Amino acid sequence: MTTDFPQPTDEALGFSRALDKRIREEMDDAGGWIGFERYMELALYEPGLGYYSGGSTKFGPAGDFVTAPELSGLFGSALADQVAPLLSQLEKPLILELGAGTGTLAADILESLSKTQAPPQYWILELSADLRRRQQSRLSSYGDNVCWLDRLPDQPFEGVILANEVVDALPVSCFIKRANAAFPLGVRLVDGDFAWAEGDSDPRLSEAVELLEASLGYTLPEGFRSEIRLGLSAWIQTLSAVMARGAMLIVDYGLVRREYYHADRNQGTLLCHYKHLAHANPFLYPGLQDIGAWVDFSAVADAAVGADAEVSGFTTQTQFLLESEALRQLSMPSLGQLQGLKTLVLPGEMGERFKLILLSRGLREAELPGRDFRDRL
Ligand SMILES: C[S@@+](CC[C@H](N)C(=O)[O-])C[C@H]1O[C@@H](n2cnc3c(N)ncnc32)[C@H](O)[C@@H]1O
C-alpha cells in the first residue's frame, strides 16, 4: 500500500508509530471501530503527534504542500487591498488570522498595508507549536504589532478574521447511503491495518444528512459516499460570537452544496497530501500527512446566517485575483512569479477550485471584487 510513497525518516516513523498505537488503543476502548471524524481529529490534532500539533515540516519543497501565499506575494497584496476598507470602518484596526502557516500571508498583508497606513494589530491563533515558532521568527520585525493567542479572546472584539486553507482541515464525518439511510464510515483493523468500515447508524449523522437532502431537494442515491462537517456550524458560531463587528474572510478549496453532493461526485472529496503527492488514503503514515476535505460553502453561508452574520460576497480565486488592484499594480513579474501567478489564477489549477466567502456584521460596506456568485450558494 505504501510502496509508491517516499519513506519517512526513522524519527518521523517513530512519531507515526506512536500515533498509530494511540489510535489503536482508542479503537480498542471503543469496541474496535471509530468514526472517521474522530480518526481525522487524532491524525491531525492529537497533542504532540497529530499532523498539525506535531513537528513535521509541512510547507515548501521539504514538506507536503504549498499554499497560495507561498506561491506568490500577489495573494497577500490582494487580501490586504480587500481588508483595508473593512479595517477603515473599525475604531481600532485589527486582524485575527487563524492557522497562519509559515507566517508568509501575515508578512505580505502587513507589508502591503504598511505602505498606506500604520500597520494594524495582527493576532494569530495557531494550533501548531512548530508553525508558531516559524511565524514568530518570520514576523519578528513587527514587534508588538503581532501577537499569538492561545485561544479565542473571551471578550468580543472588532476586527477582520482571516482563514486561508483552515476549514478544509476541520474534521469531517464520512458516510454512505444504504437502504435509504446514511451510515457512518469509520476505521477498523483489517489484517492488522487501518481500513474503512461501516459503523452503526448514528442519529446525529442521520439527522444532518436528512437536513442536507431536504435542502438539496433530492435524496442521495444508494451507495453514495461523501462526508459532512458536523462541527462547521459551531465553529462559525464561535467565531461569530467573538466578532462584535467586522468581517470574516474564508478562503479554501470547495464547492456549493449542489455540486458537492451531485450524484456524480459519489466518492466524496477527501484529499491527503504527503510529500507533494495528492491521494485519497487517510491511513497512510498517520500524523505525517495532511488530511482535508473540500468545503461546502453553502453550509458556511447557512452557518453564518444562523450566527447573525451577513454573507457579503462569494467568488472564485480566479475572479478575485483577476479583478484585484494588486494585479493591476504588478509591474513586469519575473518568470518564477508568473509561474506562481498562473497556478493561483488559472481555472484548471487553483483558480476555480479555491473560493472566497466574505461574512460580515455591522459594516457599511463589505464586498469582494470579481463576479458575485452568492446566488449559487
Ligand atoms: C494548510 S495550512 C494553511 C496555512 C496558511 N493559512 C497559508 O495559507 O499558508 C493550515 C493552517 O491551519 C492551522 N490549523 C489547522 N487546524 C486548525 C484549527 N482547527 N484552528 C486553527 N488553525 C488550524 C495549521 O496549523 C496551519 O497553520
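The values are calculated or read from the model by the stated rules, or taken from the named source; none is laboratory data. All values derive from a computational prediction rather than experimental measurement. So basically every Cβ, Gly included, is an ideal-geometry build from the backbone, and we count neighbours across all protein chains shown.
At-a-glance table
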{"item": "One residue from Gly143, Gly159, Gly76, Gly101 being surrounded by 21 or more Cβ atoms within 10 Å (Cβ to Cβ) and either farther than 30 Å from Leu270 by Cβ or aromatic (Phe, Trp, Tyr) (or both)", "result": "Gly159"}
{"item": "Candidates Glu46, Glu37, Glu70, Glu11, filtered to the one that is within 16 Å of Cys272 (Cα to Cα), at pLDDT 90 or above and of a type in the set (Asp, Glu)", "result": "Glu37"}
{"item": "Number of the exception - Leu321 against (1) within 16 Å of the ligand (Cβ to nearest atom); (2) under 23 Å from Ala169 (Cα atoms); (3) surrounded by 21 or more Cβ atoms within 10 Å (Cβ to Cβ)", "result": "(2)"}
{"item": "All positions within segment 83-139 that are assigned to a loop (DSSP other than H, G, I, E, B) and within 11 Å of the ligand (Cβ to nearest atom)", "result": "Gly99, Ala100, Gly101, Thr102, Gly103, Glu126, Leu127, Ser128"}
{"item": "Flag for Tyr274 being within 30 Å of Pro6 (Cβ to Cβ), among the aromatic types (Phe, Trp, Tyr) and more than 17 Å from the chain's Cα centre (by Cα)", "result": "no"}
{"item": "Residue count for segment 305-325, restricted to those that are farther than 30 Å from Thr238 by Cα, without any contact (Cβ under 8 Å) to a residue 60 or more places away in the chain and assigned to a helix (DSSP H, G or I)", "result": "1"}
{"item": "The lone exception for Thr102 - which of (1) under 17 Å from Val251 (Cα atoms); (2) more than 20 Å from the chain's Cα centre (by Cα); (3) among the polar types (S, T, N, Q) it fails", "result": "(2)"}
{"item": "Set Leu368, Leu344: member being closer than 19 Å to Ala163 by Cα and touching a strand residue (DSSP E or B) at 6+ places or on another chain (Cβ under 6 Å)", "result": "Leu368"}
{"item": "Any hit, segment 231-240, residues being surrounded by 15 or more Cβ atoms within 10 Å (Cβ to Cβ), within 20 Å of Ala169 (Cβ to Cβ) and in contact with an Asp or Glu (Cβ under 6 Å, 6 or more places away or on another chain)", "result": "no"}
{"item": "Residues being part of a helix (DSSP H, G or I) and surrounded by 21 or more Cβ atoms within 10 Å (Cβ to Cβ) - total across segment 59-72", "result": "2"}
{"item": "Qualifying residues in segment 1-56 (those that are in contact with a Leu (Cβ under 7 Å, 6 or more places away or on another chain), over 24 Å from Glu227 (Cα atoms) and aliphatic (A, V, I, L, M)) - the one surrounded by the fewest Cβ atoms within 10 Å (Cβ to Cβ)", "result": "Ala18"}
{"item": "Qualifying positions in segment 329-350 - assigned to a helix (DSSP H, G or I) and among the polar types (S, T, N, Q)", "result": "Gln329, Gln337, Gln339, Thr343"}
{"item": "Pair list, Cβ under 9 Å, 6 or more apart: segment 55-74 residue farther than 17 Å from Gln135 by Cα, other residue near the ligand (Cβ under 9 Å from one of its atoms) and of a type in the set (Phe, Trp, Tyr)", "result": "Asp64/Tyr51; Phe65/Phe59"}
{"item": "Given (1) touching a Ser or Thr at 6+ places or on another chain (Cβ under 6 Å); (2) in a strand (DSSP E or B), index of the condition Val160 fails", "result": "(1)"}
{"item": "Segments classed as strands (runs of 3 or more DSSP E), wholly inside segment 176-252, with at least 2 members that are among the aliphatic types (A, V, I, L, M) and more than 23 Å from the chain's Cα centre (by Cα)", "result": "181-190, 193-198"}
{"item": "Options Val167, Val187: the member that is under 22 Å from Leu255 (Cα atoms) and buried (at least 21 other Cβ atoms within 10 Å of the Cβ)", "result": "Val167"}
{"item": "Selection count where residues are away from the ligand (no atom under 15 Å from the Cβ) and over 19 Å from the mean Cα position of the chain (by Cα), scope segment 27-60", "result": "9"}
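Residue-by-condition table, conditions (1) among the small types (Gly, Ala, Ser); (2) on the phi > 0 side of the Ramachandran plot; (3) part of a helix (DSSP H, G or I); (4) under 19 Å from the mean Cα position of the chain (by Cα):
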residue: Leu327; (1), (2), (3), (4): no, no, yes, no
residue: Glu352; (1), (2), (3), (4): no, no, yes, yes
residue: Leu359; (1), (2), (3), (4): no, no, no, yes
residue: Glu367; (1), (2), (3), (4): no, no, no, no
residue: Asp375; (1), (2), (3), (4): no, no, yes, no
